[in-house]
């Protein structure tokens, strides 16, 4: 039987729920119900098991990121989505730390300039917060829009990444 291992970690005011397969990290979110629902919808053949030690390497890098000590991740990711979602997430992973792109810029990079809503929907379905840095995608007018973790968290992340050391 295939397994997904999960754990939660708290860093200051951030409580994260992390899950990984034998391939790599597959989920980062802010509540356990979101994790359970995602596994049921995307990987129903997997059994989910809490195993802190399996999650430790991922948690360490995420903590370093949240402390401002890391700007990229070295661990493997195991992404599960449609072909279009995977293409969108790949583009988002290429947005450099401290920079932002608009939904329309991402759609244009995909050579689908009229697919802005579909692009936004794919971004909203991102199961790997931080790793696929969807918080770096903003509205055309420069405003922060939509984030599964809430706009306040998105604002905090964009602000943290924009600080010049």
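Scan the stretch 126-147 for residues that are surrounded by fewer than 18 Cβ atoms within 10 Å (Cβ to Cβ) and on the phi < 0 side of the Ramachandran plot and jot them down. Matches in the stretch 126-147: 139, 140, 141, 143, 144, 145. The residue that is surrounded by the most Cβ atoms within 10 Å (Cβ to Cβ), counting only those in the stretch 72-108 that are assigned to a loop (DSSP other than H, G, I, E, B) and more than 14 Å from the chain's Cα centre (by Cα), is 100. Residues of the stretch 1-51 that are surrounded by 13 or more Cβ atoms within 10 Å (Cβ to Cβ) and in a loop (DSSP other than H, G, I, E, B): 21, 24, 30, 31, 43, 46, 51.
Any read-out appearing in this document is the output of simple, stated calculations on the displayed coordinates, not a laboratory observation. Here the structure is a predicted model, which is why all the values come from computation and not from measurement. Cβ sites come from the backbone with ideal geometry, for glycine too, and all protein chains shown count toward neighbours.
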